[in-house]
Amino acid sequence: MKPLYLSILGLGLASSPVFASDIDDVLVTGTRTNIALSDTPITAYKIDTTSLREQGITDVIEALKRIPSLSITQTGGRGTLTQVRIRGQEANHVLVLLDGMRLNDPVTGFVDFANLRLNGIERIEVVPGAQSLIYGGDASGGVVHLISRQADRFALEADYATGSNNLEERSTFGSISGGPFSAMIRHSKASTEGTSAAAIWRGNLERDRYQSEQNHARITLDISSLKLSYQQRNGSHFAEFDTDDFTTGLPIDEPVGFNNRQHRNDEEALSKVDWHISSSVNLVAQRSEGTYRSETQSYSPGFPNWGIPAGMQPYNTHGTSRRDSAYIRIRGGSQQLTLGVDKNEHSVTTSFFLPQSAEDEAGYVEWSGQFGRINVNAGVRHDRSDEFGNETTYRGAASFAFNDNFSIRSSLSTGFNPPTLFEMYDFGGNPDLSAEYSESIDLGFDYEFDHGTLTVVLFDQRTDDLIRSVGAFPNSRMENVDRSAVQGIELTGLWNVSEHLSTELSVTTLKAREFRPDEQDAIRVPEQTAYLSADWQLSSRLSAGASVHYYGERTDYNWALATNSKLEAYASGAAYVRLEMGSHFALTARVDNLWDEQYELVEGYGSLGRTVIVRAELRI
């Protein structure tokens, strides 16, 4: 029998929680309509990153811990592979954008969040659930959108930080604006000697180093009815990692004299033209391109049957992507109609297979309208691909405001995720894979009171034709196994206790299951997560705060033994203090993992112990 709330959801009406201090901030993710968060009928969370940087938080992954139903996997400490799952969906089902520019690697389909920084980022928008209507096959599990600051007349910022494990971080942000021209540039560099990626408490003591440097620039020319923009991002990353024990399936330090390492370079660019044909019609055309390369050297004990000797083995990947998009937006009164087309091409090669490519074309229509206290959004999309066939996806959403303080929202949406070329052709791949297809239903309630907000969201997401690795290494193979089902409840709240004290809360409880065909828990998805923070303004120059993050028990998978295991629940705390020294300079000290908790986000891979970071900031 279905739970009662899922039967209610079947009526087909969505939710849109507001996880930000300003309830009327404009949402730009999830629809082609710029709409106030308080009016959108789809689920969306917003993080104001300005306050996070003041707390000493510099990494995107740390900011995302406050988003409900978002789970994190990380193969060790700083700089190790870091993935994000939303509502139990796989990492390659989550689309990541930077000012509308796609960051997903076409080789793996996902983004490594270890390399994403907050400098120059104004806010983060997270839209969970199937979002293929606007974004196609990359977003069946949700969207994470990083939005950088708009250019000021003149602004310059520089940060320097040092901390535990010989951590060093440098970042700069600059912008200028005058007349029709504006420009912005971001730069960040980070390095650390690190700790062992494999858990220290399992006897692994070797340090694994990490270095990362990246740049992001944008120029805009706004002339009368025509707005032209171009942006580019590039990153260069180096990380050491531990080897795998093919007997136990757990990571261990490499033998003496060997050093696992990966060099990675990625580059994305987005060109955009926005032509306001009239006061009610505008046409947008854009092209995004990406290039991704990695060179990996890792220790292997040797496989004589395959002609592979013991020692260091190379593994290289190269992927490219290009997407051309255009849409026309027509506004009339309180209604808006958008007609759009997309064309996507990508190619991939690795050490295990020759270059392979795929392309697809799509068209979609989206309509939205506001009728008094009712907001409605609906649309349909059709994708056509020679490799994966045809897919039709849709969304219907509505919200109703009972008064200025209380509203109800609901949505029904679908999405699809085609297999990556990596899943089809790399070691253990399967060229006969089918696309995964998802359906998500939300029901949400938003309440705004004098000093805060409270939101409750009930959701149900189901996916058919799951792609999973079946069997034990080295005989494992990618297969469409069956289906998954995830149901849960999200609660978020913001309470300004007084003029100088504010608190923030998010709580999630969910049940994520897979059927292969027997029922089992989804991998690395906790049933309960919670985040609680408090921030105090002690004086005009001094502030402090603390937070606690709880991560419940979850199931992991041992690839060598083809068996499941359990990862223990944990709670980790953090605290900071910040001193403003005049209008241009500030010092922040932050401590993470206050209780020096030992926990694993992936079986066998350790977490960082207690760490201290001191940061100096200059603002002009």
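The values are calculated or read from the model by the stated rules, or taken from the named source; none is laboratory data. All figures in this text were calculated on a predicted structure; none of them were measured in a lab. FYI the Cβ positions are ideal-geometry reconstructions off the backbone, even for glycines, and counts take in every protein chain you see. Just the protein is used for accessible areas: all its heavy atoms, side chains included, with ligands, DNA and RNA removed. Shrake-Rupley method; radii C 1.70, N 1.55, O 1.52, S 1.80 Å.
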Failed condition for L95, given (1) buried (at least 24 other Cβ atoms within 10 Å of the Cβ); (2) not β-branched (V, I, T); (3) not in a strand (DSSP E or B): (3)
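What residue, of S572, S533, S539, S543, is more than 28 Å from the chain's Cα centre (by Cα), over 30 Å from R516 (Cα atoms) and surrounded by 15 or more Cβ atoms within 10 Å (Cβ to Cβ)? Break it down stepwise before answering.
Values: S572 fails: more than 28 Å from the chain's Cα centre (by Cα); S533 fails: more than 28 Å from the chain's Cα centre (by Cα); S539 fails: surrounded by 15 or more Cβ atoms within 10 Å (Cβ to Cβ).
That would be S543, the only listed residue that is more than 28 Å from the chain's Cα centre (by Cα), over 30 Å from R516 (Cα atoms) and surrounded by 15 or more Cβ atoms within 10 Å (Cβ to Cβ).
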Restricting to region 75-92, and then to whatever is within 28 Å of S164 (Cα to Cα) and hydrophobic (A, V, I, L, M, F, W, C), can you tell me which residue is least open to solvent (accessible area, probe 1.4 Å)? V84
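Residue by residue, here is whether (1) within 18 Å of Q262 (Cα to Cα); (2) in contact with a helix residue (DSSP H, G or I) (Cβ under 8 Å, 6 or more places away or on another chain) holds:
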{"position": "T50", "(1), (2)": "no, no"}
{"position": "V60", "(1), (2)": "no, yes"}
{"position": "R66", "(1), (2)": "no, no"}
{"position": "Q83", "(1), (2)": "yes, yes"}
{"position": "R87", "(1), (2)": "no, no"}
{"position": "A91", "(1), (2)": "no, no"}
Under 6 Å between Cβ atoms, at least 6 apart or on separate chains: pull out the pairs that start in region 473-500 with a residue that is closer than 28 Å to A530 by Cβ and assigned to a strand (DSSP E or B) and end on any residue that is at pLDDT 90 or above and among the small types (G, A, S). V486/G88; V486/A512; E490/S69; T492/S506; L494/G452; W495/G452; N496/G452; N496/S502
Go through (1) open to solvent by 50 Å² or more (accessible area, probe 1.4 Å); (2) modelled with pLDDT of 95 or more one by one and return the number of the condition I252 breaks. (2)
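Working only within region 437-483, note down all residues that are basic (K, R) and open to solvent by less than 40 Å² (accessible area, probe 1.4 Å). So that I can check it myself, show each step before the final result.
Kept after step one, since they are basic (K, R), are these residues of region 437-483: 462, 468, 477, 483.
Of everything in region 437-483, just one residue is basic (K, R) and open to solvent by less than 40 Å² (accessible area, probe 1.4 Å), namely R468.
What number of residues within region 205-225 are within 19 Å of I277 (Cα to Cα) and either touching a Gly at 6+ places or on another chain (Cβ under 6 Å) or not polar (S, T, N, Q) (or both)?
If we filter region 205-225 for residues that are within 19 Å of I277 (Cα to Cα), which is where we start, we get 220-225.
Remaining after also requiring either touching a Gly at 6+ places or on another chain (Cβ under 6 Å) or not polar (S, T, N, Q) (or both): 221-223.
Count: 3.
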Qualifying position, being at pLDDT below 95, among the hydrophobic types (A, V, I, L, M, F, W, C) and surrounded by 17 or more Cβ atoms within 10 Å (Cβ to Cβ), among I613, I620, I523: I523
Of all residues making up region 438-472, the number that are part of a strand (DSSP E or B) and under 29 Å from G136 (Cα atoms): 23
Condition (residue is at pLDDT below 95, of a type outside the set (D, E), within 21 Å of G609 (Cβ to Cβ) and not in a strand (DSSP E or B)) applied to region 181-195: is it met by at least one residue? yes
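For the subset of region 42-74 comprising residues that are hydrophobic (A, V, I, L, M, F, W, C) and part of a loop (DSSP other than H, G, I, E, B), which member is surrounded by the fewest Cβ atoms within 10 Å (Cβ to Cβ)?
The first filter runs over region 42-74 and keeps only residues hydrophobic (A, V, I, L, M, F, W, C), leaving 42, 44, 47, 52, 57, 60-61, 63-64, 67, 70, 72.
Applying the additional criterion that residues be part of a loop (DSSP other than H, G, I, E, B) yields 42, 44, 57, 67.
Working: I42: 29, A44: 28, I57: 23, I67: 25.
Going through the qualifying residues, I end up with I57.
Can you name every residue in region 471-509 that is of a type in the set (V, I, T) and under 18 Å from A435 (Cβ atoms)?
Looking only at region 471-509, we keep the residues that are of a type in the set (V, I, T), and these are 481, 486, 489, 492, 497, 503, 507-509.
Listed by number, the list holds a single entry, V481.
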Residue hits (region 175-195; more than 25 Å from the chain's Cα centre (by Cα) and either more than 29 Å from R209 (Cα to Cα) or open to solvent by less than 20 Å² (accessible area, probe 1.4 Å) (or both)) are S175, I176, S177, G178, G179, P180, F181, S182, A183
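May I ask you to say which residue of S325, S321 is in a strand (DSSP E or B) and in contact with a Gly (Cβ under 6 Å, 6 or more places away or on another chain)? Let's see the steps before the verdict.
Details: S325 fails: in contact with a Gly (Cβ under 6 Å, 6 or more places away or on another chain).
Every option except S321 fails the conditions.
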